[in-house]
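All of the numbers you see were taken from the coordinates with simple rules; none came from a lab. As the structure is a prediction and not an experimental result, all values here were calculated from the model. Cβ placement follows ideal geometry from the backbone for every residue including glycine, while neighbour counts extend to all protein chains displayed.
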Amino acid sequence: MKKYYLLLWGAMLIVHSACANVTNTIATQQAYQVVKKITYNNVSVEIVIDKPINDTLDIIIAYHGTVFLDSKILEAAQTTLSRIKEITARKNMMIVSVAYPEEGLLMGDNVRESEAALLWVKNQAAKELGIRIQKIFLVGHSQGGYIVTRLSSMHATNGIVANAPGPLNLALRCQFEDSGQIPGSVTCALMRRQYGTVASNAEAYNVRSLLYFTSNFMSDMLFIQGLDDAQIQLTSWPIFVQQVRNCTNCQSRLFLDVPQYGHTALFDSPQARQLYNEFLNR
């Protein structure tokens, strides 16, 4: 009789365990959008996760454009997520939009938090979210394009899309501001406070410009630029393109110049959206 009860108890444990596994599977096989604070290597940053219903996923990590104030970065991350979701033909991709900090930081200093988000997705997200990750893509707009371009020289992914990445030439931009040719910006004011004017310390501006980071790309790259963008961007764009084309230690590079579209060409141009989706589906 004792042996019978032991066998019955063992069977009940097996059934309970199986039911628990089914429950956990159902719990993860859900679509949701959530804001989450993540930490990797003691660096913390908020992200917005938009997960489709399936659990085996390709992931887009998105980086928003400049908003200057940290009170606005979460909203910027959510807006960027929505816009990328709209233009992405595949609806089975998870999007992780990074609310990287800006306020009071010099250009490029927030690559630290941006990298932490990428490494969290690569190394911890599967376990923490109960998913299986296949491919990882980075998509960045404006300053977000600057960030994903820099990240491409630091870590390999399955592909990177940079729309209107910049600032391309911080020295030129801030020099124009110093001389009053274009309106002043927080970006150049912070640089001036730290390093002085461009005339007195041009190299400090050059090493934070995207023109300084045009080699050693570990991922395939797609660059998109609207030709109705601001002149300060378009002045340096051909130089940037040529430097990237000349790279001898980079993965493949694609460029799309889009006439009659401006700074947000990736989101507005049917041609840009088509090439973007083809790039994701290679």
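Below are the figures for this structure:
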quantity: ASN92 versus ILE133: modelled label distance in nm, points set 7 Å from Cα along the beta carbon direction; calculated: 1.9
quantity: Helix-only CD estimate at 222 nm, as mean residue ellipticity for the chain, using -39500 (n - 2.57) per DSSP H run (n ≥ 4); calculated: -13500 deg cm²/dmol
quantity: Proximal aspartates and glutamates relative to LYS51, as straight alpha-carbon distance under 16 Å, when same-chain residues fewer than 8 apart are discounted; calculated: GLU86, GLU128
quantity: Inter-part distance where the range 47-80 and the range 213-274 are each reduced to a Cα centre, Å; calculated: 22
